[in-house]
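Enquirer: One structure is given below, represented as structure tokens, and several questions about it will come after.
The values are calculated or read from the model by the stated rules, or taken from the named source; none is laboratory data. This one's a predicted model, so the numbers in the text were calculated from it and none came from an experiment. In this analysis, Cβ positions are derived from the backbone assuming ideal geometry, glycine residues included, and neighbour counts consider all displayed protein chains. Heads up: the accessible areas ignore ligands, DNA and RNA and are worked out on the full protein's heavy atoms, side chains in. Shrake-Rupley method; radii C 1.70, N 1.55, O 1.52, S 1.80 Å.
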Amino acid sequence: MKIAPKVIDQIGEAHERKNLYLRELAALEEKAAAAGGDELKALQKKIAELRRNKSEHPYQKELAAYRAAEKNFLAQLKAEEAREKAGQPDDDPALAKLSREIRQSQKEEAFYEPYVELTYDAELAWRNAVVKLRHLPEMMENRRLLNEHIARVQKEKQTAAAHGDSAIKAQISAEKKLIEKKYALRNQELKEKQKSGMISPKAVHNESRVLKRAKAEEIQMLEMKDPLCSKTEELRALQHRHKVELKEERAVMQADLSDLYRRIPVETEDHLPLRAWVGSLIPGLSQLLNQQFVKALLFFLSGLFTFLVAIPYALGFGNFRGQGIAGLISLAEGGKRVDRSIIFMIEGIIAIILLLFAAAAYYFHIRDSFHVEKQRLKGIRPNRWTETRQEISRNGFPYIVSAPALIVIVFIVLLPAITTILLSFTNMDPKNQSKFVWIGLENYKTLALGQGVAGKAFWLILGWTVIWTLAATTLAILIGFFLALLVNQERIRGKRFWRTIYLLPWAVPAFITIMFFSIMLAPNGPLTEIISAIVGHTVNVKSDTTLTRIALVMLQGWLGSSYIFLLCTGILQSIPSDLYEAADIDGARGFQRIRHITVPLVLFQIAPLLVTQYTFNFNNYSIIALFNDGGPFFPSLYGNLAGSSDILISYIYKLTIDKQYQALGASITVIVSAVLMFISYLGFRKTKAFNS
């Protein structure tokens, strides 16, 4: 990497190099880049000679003398500071510290001023001293005056306490009684107005609160007439200033120092990011070399997490029963009787997650190391903790807030999801509960080819699930939209009543409604007897596949219609009447108005929610389980694994919980999840949900 003829600061402004050795070297390299032939060889020879005789360069000698003098100066300054601290302590330690800082800044200004043109480091130190000398004396004077003010008020308070004026106290007590009487009369007037019906109880309550605050403020102002009370409040305010004022003044000074730090570049003789390469092996080392101590500590802690937690756990140390990543591969094959494959799998997944966290921390360490080092080579000084903290508060807040949620999502959502996906590639079934092995795509092959009872039932249930989802959801949407359209008509009377009636299916818990209709449609249920009497022969809804499915679709259509009704009602009421008036002028009829105005506007706003309704019904387990438990049952078609009204979600439940075919259930879950995510994505994309 060639040496640039100029350096830049954090603001982006270019500065001439003060390092004459680097300036000469940069000039030679610039000439060599444009030369050729013998001239290039001569320049390369001169560059090599200049690098070889670096220590003999006049500037390097002057710079070495400055650094030696600076080292002695800083050592003396530190020794003087230690002697001053060991001396007689001041009544106010902050005042004593300000005094020491002023003396040190004066000495720093005098020492660094002759070297300002030699190096940017000296210029930064000198300018820092100048800024401090501009702020510190004023801070010290403000602190001294504040201490004197506090001491004076304390004496005045003691005097007021010793010579309490009983006449003033009696006057305050009398006036306080008058104030309380005045506000008592006002409260009484409010109550009388409420009794006469002039104002509401809520207005009385609000007005009483206002009067209560006003009375408290008036009494507080009255008590200030007492010198003791007045001085107590004044002293409390001064003590608060004593606590926070100096911090605020230091923050202002620090802001000026940070601005200097950003505007004055740094020169380095390195031409490669050596610190980043050296510190890349140990997290925090390169930050330590750049004197970014807080950042170094944070990355060092991430390194401890990597070497003491993530890697040992991945190797099997600290596992409950598993063997880390090795256990994920072996799944406890050939292990002890108490070893369980599922535990080995879960702990293996956790090991991988921990390694990914460690890898992410190491990646950020490497990225930060090389970024800071490349910036330093350009002339930009590495951020100190003050600047880093400001940058984090300005740009890092979203990441800090999201980090805990990310960790929770990883272990609460991703861990079970990954476990389910991996289980689908095993043979976990009733015969292999404790220990199972990897079998690849056998489960997916079984389902795809319809092999065995489970595979044959899968395709039957999948077909009914698709029909159920489309029919039940579409019916709910149509009913809800039609009812909303009907109630929104101007000629309909009793709109509130009808809206209340149509919201009842949503207001009443679905559990109760489903169980009610399940009992009513039982073999001896009232609805069953009514239907049988109407058709002239016995009808058993829960024993007939077609009737059960029709009943489920109708029931879900009614249950889901309330939500659609509520959505559509709000949107219909927000459609401007001007659109309908314009349509009437153009000769549009009722159906045309609905088709070209109402439907597009409603769908535009609720289409994403309608997509979620389809995905919800695809996985609507409760209505299937509560109404007929998936029945009626036909073992010749479904075996003993499911019933003819089971949908995929209830089929998965029976496979995994009742029959313990966890691997097959996981395979179906993966297929269903992938299809639903894809369909949901397409639906949301079509509704422009991703364009906002």
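Enquirer: Based on this model, can you work out whether residue 587 counts as out of contact with any His (no Cβ under 6 Å at 6 or more places or on another chain) and open to solvent by less than 30 Å² (accessible area, probe 1.4 Å)?
Expert: no
Enquirer: Another question, then. Determine which single condition residue 129 fails, assuming it passes every other condition in (1) at pLDDT 95 or above; (2) open to solvent by 50 Å² or more (accessible area, probe 1.4 Å).
Expert: (2)
Enquirer: Inside segment 49-91, can you point out the residues that are within 15 Å of residue 111 (Cβ to Cβ), within 49 Å of the chain's Cα centre (by Cα) and open to solvent by 100 Å² or more (accessible area, probe 1.4 Å)?
Expert: The answer is 67, 71, 78.
Enquirer: Restricting to helices (runs of 4 or more DSSP H) lying wholly in segment 594-692: which have 3 or more residues that are surrounded by fewer than 22 Cβ atoms within 10 Å (Cβ to Cβ)? Lay out the reasoning, then the answer.
Expert: Details: elements: 599-618, 621-628, 635-638, 648-653, 662-686.
It comes to 599-618, 621-628, 635-638, 662-686.
Enquirer: Here's something else I'd like to know. Could you list, in sequence order, the residues of segment 456-481 that are surrounded by fewer than 20 Cβ atoms within 10 Å (Cβ to Cβ) and over 41 Å from the mean Cα position of the chain (by Cα)?
Expert: Listed by number, the residues that qualify are 456, 459, 460.
Enquirer: Just the residues that are outside any helix (DSSP H, G or I) and either open to solvent by 80 Å² or more (accessible area, probe 1.4 Å) or modelled with pLDDT of 85 or more (or both), please, taken from segment 149-171.
Expert: So in segment 149-171, the residues outside any helix (DSSP H, G or I) come out as 163-165.
Of everything in segment 149-171, just one residue is outside any helix (DSSP H, G or I) and either open to solvent by 80 Å² or more (accessible area, probe 1.4 Å) or modelled with pLDDT of 85 or more (or both), namely 163.
Enquirer: Turning to a different aspect of this structure: Please determine whether any residue of segment 93-115 is aliphatic (A, V, I, L, M), exposed (fewer than 14 other Cβ atoms within 10 Å of the Cβ) and either part of a helix (DSSP H, G or I) or out of contact with any helix residue (DSSP H, G or I) (no Cβ under 8 Å at 6 or more places or on another chain) (or both). Spell out the reasoning first.
Expert: Within segment 93-115, the subset aliphatic (A, V, I, L, M) is 94-96, 98, 102, 110.
Of the ones still in play, those that are also exposed (fewer than 14 other Cβ atoms within 10 Å of the Cβ) are 110.
After this cut, where a residue has to be either part of a helix (DSSP H, G or I) or out of contact with any helix residue (DSSP H, G or I) (no Cβ under 8 Å at 6 or more places or on another chain) (or both) as well, the list is 110.
Checking segment 93-115: at least one residue is aliphatic (A, V, I, L, M), exposed (fewer than 14 other Cβ atoms within 10 Å of the Cβ) and either part of a helix (DSSP H, G or I) or out of contact with any helix residue (DSSP H, G or I) (no Cβ under 8 Å at 6 or more places or on another chain) (or both).
Enquirer: Name the pairs: first residue in segment 341-367 and in contact (Cβ under 8 Å) with a residue 24 or more places away in the chain, second residue open to solvent by 50 Å² or more (accessible area, probe 1.4 Å) and of a type in the set (Lys, Arg), Cβ to Cβ under 9 Å, at least 6 apart or on different chains?
Expert: 341/435; 347/321
Enquirer: Do we have residue 560 as surrounded by fewer than 17 Cβ atoms within 10 Å (Cβ to Cβ) and small (Gly, Ala, Ser) here? Don't jump to the end; show me each part of the working.
Expert: Numbers: surrounded by fewer than 17 Cβ atoms within 10 Å (Cβ to Cβ): no; small (Gly, Ala, Ser): yes.
Answer is no for this residue.
Enquirer: Confirm whether residue 32 is loosely packed, with under 15 Cβ neighbours inside 10 Å, of a type in the set (Gly, Ala, Ser) and free of Cβ contacts under 8 Å to residues at least 24 places away in the same chain. First the steps, then the outcome.
Expert: Numbers: loosely packed, with under 15 Cβ neighbours inside 10 Å: no; of a type in the set (Gly, Ala, Ser): yes; free of Cβ contacts under 8 Å to residues at least 24 places away in the same chain: yes.
Spelling it out, it is not the case that residue 32 is loosely packed, with under 15 Cβ neighbours inside 10 Å, of a type in the set (Gly, Ala, Ser) and free of Cβ contacts under 8 Å to residues at least 24 places away in the same chain.
Enquirer: Still on this structure, I have one more. Check whether at least one residue in segment 288-295 is touching a helix residue (DSSP H, G or I) at 6+ places or on another chain (Cβ under 8 Å) and either closer than 30 Å to residue 158 by Cα or not in a helix (DSSP H, G or I) (or both), and report yes or no.
Expert: Within segment 288-295, the first condition is being touching a helix residue (DSSP H, G or I) at 6+ places or on another chain (Cβ under 8 Å), and the residues that meet it are 288-290, 292-295.
Now drop any that are not either closer than 30 Å to residue 158 by Cα or not in a helix (DSSP H, G or I) (or both), which leaves 290, 292.
Yes, some residue in segment 288-295 is touching a helix residue (DSSP H, G or I) at 6+ places or on another chain (Cβ under 8 Å) and either closer than 30 Å to residue 158 by Cα or not in a helix (DSSP H, G or I) (or both).
Enquirer: Related question: Looking at segment 236-249, is at least one residue among the charged types (D, E, K, R) and farther than 30 Å from residue 127 by Cα? Outline the logic, then answer.
Expert: As a first pass, look at segment 236-249 and keep what is among the charged types (D, E, K, R): 236, 241, 243, 245, 247-249.
Now restrict to residues that are farther than 30 Å from residue 127 by Cα: 236.
Within segment 236-249, one or more residues are among the charged types (D, E, K, R) and farther than 30 Å from residue 127 by Cα.
Enquirer: Among the residues of segment 230-285, which ones are in a helix (DSSP H, G or I), under 25 Å from residue 386 (Cα atoms) and either in contact with a Gly (Cβ under 8 Å, 6 or more places away or on another chain) or among the acidic types (Asp, Glu) (or both)?
Expert: Listed by number, the residues that qualify are 245, 248, 249, 256, 259, 285.
Enquirer: Something else now. Go through (1) open to solvent by less than 50 Å² (accessible area, probe 1.4 Å); (2) outside any helix (DSSP H, G or I) one by one and return the number of the condition residue 10 breaks.
Expert: (1) is the only condition that residue 10 fails.
Enquirer: Right, next: Failed condition for residue 67, given (1) of a type outside the set (Ser, Thr, Tyr); (2) closer than 20 Å to residue 130 by Cα; (3) at pLDDT 90 or above, with all others met?
Expert: Answer for residue 67: the failing condition is (2).
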